[in-house]
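The values are calculated or read from the model by the stated rules, or taken from the named source; none is laboratory data. Just so it is clear, the structure is predicted and the values come from calculations on it, not from any experiment. Here Cβ is always computed from backbone atoms with ideal geometry, including for glycine, and neighbour counts include all displayed protein chains. Heavy atoms of the whole protein, side chains included, go into the accessibility calculation; ligands, DNA and RNA do not. Shrake-Rupley method; radii C 1.70, N 1.55, O 1.52, S 1.80 Å.
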Amino acid sequence: VPGPAYRILTPRLVLRCWQPSDAPLLAEAVTASVDHLWPWMPWVHSEPEDLEVKVQRLRGFRASFDTDKDYVLAIFNHDESEVVGGTGMHPRLGEAVVQEIGYWISARHIGRGYATEAAGAVTRAGFEVHGLERMEIRCDPLNTRSSAVPRKLGYALEATLRGNVRGVGGGMRDTQVWSLLRPEYADSPSAAVPVQAFDAAGRRLL
Ligand SMILES: CC(C)(COP(=O)(O)OP(=O)(O)OC[C@H]1O[C@@H](n2cnc3c(N)ncnc32)[C@H](O)[C@@H]1OP(=O)(O)O)[C@@H](O)C(=O)NCCC(=O)NCCS
(Lines give C-alpha, C1' and ligand atoms only; values in the text may rest on other atoms or scores of the structure.)
Protein backbone atom coordinates (compact mmCIF):
# COMPACT_ATOMS: atom_id res chain seq x y z
CA VAL A 1 0.00 0.00 0.00
CA PRO A 2 1.48 3.41 -0.98
CA GLY A 3 1.34 6.47 1.22
CA PRO A 4 0.59 7.53 3.81
CA ALA A 5 -0.84 10.77 2.45
CA TYR A 6 1.18 13.42 4.31
CA ARG A 7 -0.47 16.29 2.47
CA ILE A 8 -3.93 16.51 0.96
CA LEU A 9 -5.15 19.51 -1.04
CA THR A 10 -8.82 20.32 -1.56
CA PRO A 11 -10.29 23.39 -3.31
CA ARG A 12 -10.15 25.43 -0.08
CA LEU A 13 -8.08 23.45 2.42
CA VAL A 14 -4.70 21.89 3.14
CA LEU A 15 -4.81 18.75 5.28
CA ARG A 16 -1.43 17.69 6.56
CA CYS A 17 0.44 15.93 9.32
CA TRP A 18 0.77 18.23 12.35
CA GLN A 19 4.19 19.72 13.18
CA PRO A 20 5.24 20.75 16.72
CA SER A 21 5.71 24.27 15.30
CA ASP A 22 1.95 24.45 14.60
CA ALA A 23 1.26 24.71 18.36
CA PRO A 24 0.70 28.52 18.43
CA LEU A 25 -1.77 28.43 15.52
CA LEU A 26 -3.53 25.43 17.08
CA ALA A 27 -3.77 27.28 20.41
CA GLU A 28 -5.29 30.31 18.68
CA ALA A 29 -7.97 28.15 16.98
CA VAL A 30 -8.81 26.14 20.11
CA THR A 31 -8.91 29.20 22.39
CA ALA A 32 -11.47 30.79 20.07
CA SER A 33 -13.49 27.54 19.96
CA VAL A 34 -13.62 26.30 23.58
CA ASP A 35 -17.38 26.84 24.06
CA HIS A 36 -18.16 25.45 20.61
CA LEU A 37 -16.10 22.28 21.11
CA TRP A 38 -16.82 21.72 24.83
CA PRO A 39 -19.97 19.52 24.47
CA TRP A 40 -18.38 17.16 21.92
CA MET A 41 -14.59 17.05 22.25
CA PRO A 42 -13.32 15.76 25.62
CA TRP A 43 -9.76 16.96 24.91
CA VAL A 44 -10.96 20.58 25.10
CA HIS A 45 -11.66 20.10 28.80
CA SER A 46 -7.98 20.50 29.62
CA GLU A 47 -8.10 24.08 28.27
CA PRO A 48 -6.53 26.47 29.06
CA GLU A 49 -3.25 24.60 28.88
CA ASP A 50 0.40 25.62 28.46
CA LEU A 51 1.72 25.91 24.93
CA GLU A 52 4.34 23.35 25.87
CA VAL A 53 1.61 20.73 26.41
CA LYS A 54 0.43 21.30 22.83
CA VAL A 55 3.99 21.12 21.52
CA GLN A 56 4.43 17.73 23.19
CA ARG A 57 1.02 16.51 21.94
CA LEU A 58 1.89 17.51 18.37
CA ARG A 59 5.26 15.74 18.68
CA GLY A 60 3.26 12.65 19.65
CA PHE A 61 0.87 13.05 16.68
CA ARG A 62 3.86 13.45 14.39
CA ALA A 63 5.59 10.36 15.83
CA SER A 64 2.42 8.26 15.46
CA PHE A 65 1.92 9.48 11.90
CA ASP A 66 5.51 8.69 10.91
CA THR A 67 5.21 5.17 12.34
CA ASP A 68 1.74 4.47 10.86
CA LYS A 69 0.07 4.14 14.26
CA ASP A 70 -2.43 6.98 13.85
CA TYR A 71 -2.94 9.66 11.20
CA VAL A 72 -3.97 12.89 12.90
CA LEU A 73 -4.18 15.72 10.37
CA ALA A 74 -4.31 19.49 10.71
CA ILE A 75 -6.78 21.39 8.54
CA PHE A 76 -5.34 24.71 7.31
CA ASN A 77 -6.39 27.38 4.89
CA HIS A 78 -4.38 27.32 1.65
CA ASP A 79 -1.58 29.63 2.79
CA GLU A 80 -1.37 27.72 6.11
CA SER A 81 -1.72 30.93 8.09
CA GLU A 82 -4.73 29.69 10.08
CA VAL A 83 -5.82 26.40 11.67
CA VAL A 84 -9.33 25.72 10.33
CA GLY A 85 -9.66 22.53 12.39
CA GLY A 86 -8.48 18.98 12.66
CA THR A 87 -9.29 15.60 11.18
CA GLY A 88 -7.64 12.23 10.88
CA MET A 89 -7.80 8.59 10.03
CA HIS A 90 -7.58 6.37 13.07
CA PRO A 91 -6.68 2.67 12.80
CA ARG A 92 -8.24 1.78 16.15
CA LEU A 93 -11.09 -0.50 15.11
CA GLY A 94 -9.22 -3.82 15.06
CA GLU A 95 -8.57 -4.46 11.34
CA ALA A 96 -5.89 -2.28 9.70
CA VAL A 97 -8.17 -1.83 6.64
CA VAL A 98 -11.01 -0.49 8.79
CA GLN A 99 -10.42 3.05 10.00
CA GLU A 100 -12.40 5.81 11.66
CA ILE A 101 -12.48 9.46 10.61
CA GLY A 102 -12.79 12.23 13.17
CA TYR A 103 -13.09 16.00 12.64
CA TRP A 104 -13.60 19.35 14.30
CA ILE A 105 -13.82 22.84 12.77
CA SER A 106 -12.88 26.01 14.64
CA ALA A 107 -15.78 28.24 15.67
CA ARG A 108 -14.99 31.01 13.23
CA HIS A 109 -14.99 28.61 10.24
CA ILE A 110 -18.17 26.58 10.79
CA GLY A 111 -21.12 26.71 8.39
CA ARG A 112 -19.05 26.85 5.19
CA GLY A 113 -18.90 23.16 4.33
CA TYR A 114 -15.31 22.71 5.54
CA ALA A 115 -16.00 19.58 7.64
CA THR A 116 -17.64 17.88 4.66
CA GLU A 117 -14.79 18.94 2.34
CA ALA A 118 -12.15 17.66 4.79
CA ALA A 119 -13.88 14.40 5.71
CA GLY A 120 -14.59 13.75 2.01
CA ALA A 121 -10.91 14.27 1.20
CA VAL A 122 -9.84 11.89 3.99
CA THR A 123 -12.37 9.34 2.72
CA ARG A 124 -10.81 9.55 -0.75
CA ALA A 125 -7.29 9.15 0.64
CA GLY A 126 -8.47 6.23 2.77
CA PHE A 127 -9.94 4.25 -0.11
CA GLU A 128 -7.69 5.38 -2.98
CA VAL A 129 -4.30 5.71 -1.26
CA HIS A 130 -4.42 3.66 1.93
CA GLY A 131 -6.38 0.75 0.45
CA LEU A 132 -9.03 0.72 3.17
CA GLU A 133 -12.06 -1.58 2.91
CA ARG A 134 -14.34 0.24 5.33
CA MET A 135 -14.40 3.70 6.84
CA GLU A 136 -16.46 4.74 9.83
CA ILE A 137 -17.61 8.01 11.29
CA ARG A 138 -18.88 7.73 14.85
CA CYS A 139 -20.84 10.48 16.50
CA ASP A 140 -23.21 11.32 19.31
CA PRO A 141 -26.83 11.17 18.00
CA LEU A 142 -27.39 14.55 19.70
CA ASN A 143 -24.63 16.08 17.54
CA THR A 144 -26.81 16.75 14.52
CA ARG A 145 -24.33 19.12 12.85
CA SER A 146 -21.77 16.32 12.92
CA SER A 147 -24.06 13.53 11.72
CA ALA A 148 -24.98 15.70 8.70
CA VAL A 149 -21.38 15.25 7.47
CA PRO A 150 -21.38 11.44 6.88
CA ARG A 151 -24.92 11.67 5.51
CA LYS A 152 -23.80 14.21 2.87
CA LEU A 153 -20.79 12.04 1.99
CA GLY A 154 -22.87 8.91 1.33
CA TYR A 155 -22.07 6.99 4.50
CA ALA A 156 -24.87 4.70 5.77
CA LEU A 157 -26.19 4.94 9.31
CA GLU A 158 -25.63 1.36 10.27
CA ALA A 159 -26.32 1.26 13.98
CA THR A 160 -26.82 3.30 17.09
CA LEU A 161 -24.86 1.75 19.93
CA ARG A 162 -26.60 2.25 23.25
CA GLY A 163 -24.78 3.73 26.21
CA ASN A 164 -21.38 2.51 25.00
CA VAL A 165 -19.15 5.51 25.75
CA ARG A 166 -18.79 7.99 28.57
CA GLY A 167 -20.06 11.41 27.50
CA VAL A 168 -18.49 14.72 28.46
CA GLY A 169 -21.04 15.12 31.27
CA GLY A 170 -19.79 11.94 32.91
CA GLY A 171 -22.80 9.72 32.09
CA MET A 172 -22.90 7.04 29.41
CA ARG A 173 -24.14 8.08 25.95
CA ASP A 174 -25.14 6.50 22.64
CA THR A 175 -23.01 6.40 19.47
CA GLN A 176 -24.14 6.48 15.85
CA VAL A 177 -21.98 4.30 13.59
CA TRP A 178 -21.87 5.58 10.01
CA SER A 179 -19.97 3.41 7.52
CA LEU A 180 -18.90 3.39 3.89
CA LEU A 181 -17.60 0.22 2.22
CA ARG A 182 -15.14 0.05 -0.66
CA PRO A 183 -17.75 -1.26 -3.19
CA GLU A 184 -20.07 1.66 -2.33
CA TYR A 185 -17.38 4.31 -2.40
CA ALA A 186 -17.09 4.91 -6.18
CA ASP A 187 -20.74 5.95 -6.43
CA SER A 188 -20.75 8.00 -3.22
CA PRO A 189 -20.50 11.82 -3.06
CA SER A 190 -17.12 11.35 -1.33
CA ALA A 191 -15.53 10.14 -4.56
CA ALA A 192 -16.42 13.45 -6.24
CA VAL A 193 -14.52 15.69 -3.80
CA PRO A 194 -11.64 17.29 -5.79
CA VAL A 195 -8.44 16.16 -4.07
CA GLN A 196 -4.72 16.00 -4.62
CA ALA A 197 -2.61 13.92 -2.24
CA PHE A 198 1.16 13.74 -1.76
CA ASP A 199 3.44 11.32 0.08
CA ALA A 200 6.21 12.22 2.56
CA ALA A 201 8.61 13.04 -0.30
CA GLY A 202 6.04 15.28 -2.02
CA ARG A 203 5.27 12.76 -4.77
CA ARG A 204 1.75 12.84 -6.15
CA LEU A 205 -0.47 10.01 -4.92
CA LEU A 206 -3.83 11.31 -6.14
C1 LIG B 1 -19.74 19.28 13.39
C2 LIG B 1 -18.76 20.26 12.73
C3 LIG B 1 -17.45 19.56 12.44
C4 LIG B 1 -19.41 20.75 11.41
O5 LIG B 1 -18.51 21.63 10.74
P6 LIG B 1 -18.99 22.48 9.44
O7 LIG B 1 -17.77 22.79 8.66
O8 LIG B 1 -19.84 23.59 9.89
O9 LIG B 1 -19.90 21.38 8.71
P10 LIG B 1 -20.23 21.23 7.18
O11 LIG B 1 -19.04 20.89 6.36
O12 LIG B 1 -21.32 20.20 7.13
O13 LIG B 1 -20.77 22.64 6.76
C14 LIG B 1 -22.19 22.75 6.83
C15 LIG B 1 -22.74 24.06 6.56
O16 LIG B 1 -21.97 24.86 5.68
C17 LIG B 1 -22.86 25.42 4.69
N18 LIG B 1 -22.05 25.67 3.50
C19 LIG B 1 -21.63 26.89 3.12
N20 LIG B 1 -20.86 26.77 2.03
C21 LIG B 1 -20.78 25.47 1.71
C22 LIG B 1 -20.11 24.73 0.69
N23 LIG B 1 -19.36 25.33 -0.24
N24 LIG B 1 -20.24 23.38 0.68
C25 LIG B 1 -20.99 22.75 1.61
N26 LIG B 1 -21.65 23.39 2.59
C27 LIG B 1 -21.54 24.75 2.66
C28 LIG B 1 -23.94 24.40 4.53
O29 LIG B 1 -25.12 24.99 4.09
C30 LIG B 1 -24.06 23.84 5.91
O31 LIG B 1 -24.92 24.59 6.70
P32 LIG B 1 -26.22 23.91 7.29
O33 LIG B 1 -25.79 22.55 7.82
O34 LIG B 1 -26.66 24.84 8.36
O35 LIG B 1 -27.14 23.77 6.13
C36 LIG B 1 -18.50 21.50 13.61
O37 LIG B 1 -19.71 22.08 13.97
C38 LIG B 1 -17.70 21.15 14.86
O39 LIG B 1 -16.47 21.26 14.87
N40 LIG B 1 -18.39 20.76 15.97
C41 LIG B 1 -17.74 20.47 17.23
C42 LIG B 1 -16.82 19.26 17.14
C43 LIG B 1 -17.55 18.02 16.71
O44 LIG B 1 -18.69 17.83 17.06
N45 LIG B 1 -16.89 17.16 15.92
C46 LIG B 1 -17.48 15.93 15.43
C47 LIG B 1 -17.46 14.88 16.48
S48 LIG B 1 -18.23 13.37 15.90
**Complete:** Only one of Arg112, Arg151 is within 10 Å of the ligand (Cβ to nearest atom), open to solvent by 40 Å² or more (accessible area, probe 1.4 Å) and either small (Gly, Ala, Ser) or in a loop (DSSP other than H, G, I, E, B) (or both), namely Arg112
**Asked** For the stretch 9-29, does any single residue satisfy the condition of being in contact with a Ser or Thr (Cβ under 7 Å, 6 or more places away or on another chain), more than 17 Å from Asp199 (Cα to Cα) and open to solvent by 20 Å² or more (accessible area, probe 1.4 Å)?
**Response** no
**Item:** Considering residues of the stretch 7-39 that are near the ligand (Cβ under 10 Å from one of its atoms) and of a type in the set (A, V, I, L, M, F, W, C) only, the residue nearest to Arg124 (Cα to Cα)
**Value:** Leu37
**Request:** Scan the stretch 116-148 for residues that are near the ligand (Cβ under 7 Å from one of its atoms), in a helix (DSSP H, G or I), open to solvent by less than 40 Å² (accessible area, probe 1.4 Å) and closer than 15 Å to Met41 by Cα and jot them down.
**Result:** Ser146
**Request:** Kindly provide the set of residues from the stretch 90-109 that are within 14 Å of the ligand (Cβ to nearest atom) and in contact with a strand residue (DSSP E or B) (Cβ under 7 Å, 6 or more places away or on another chain), ordered by number.
**Result:** His90, Glu100, Ile101, Gly102, Tyr103, Trp104, Ile105, Ser106, His109
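Conditions tested, residue by residue: (1) in a strand (DSSP E or B); (2) at pLDDT below 95.
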| residue | (1), (2) |
| --- | --- |
| Val72 | yes, no |
| Phe76 | yes, no |
| Ser81 | no, no |
| Val84 | yes, no |
| Thr87 | yes, no |
| Leu93 | no, yes |
| Glu100 | yes, no |
| Tyr103 | yes, no |
| Arg108 | no, no |
**Asked** Taking the stretch 57-109, which residues are of a type in the set (Ser, Thr, Tyr) and either in contact with an Asp or Glu (Cβ under 8 Å, 6 or more places away or on another chain) or surrounded by 14 or more Cβ atoms within 10 Å (Cβ to Cβ) (or both)?
**Response** Ser64, Tyr71, Thr87, Tyr103, Ser106
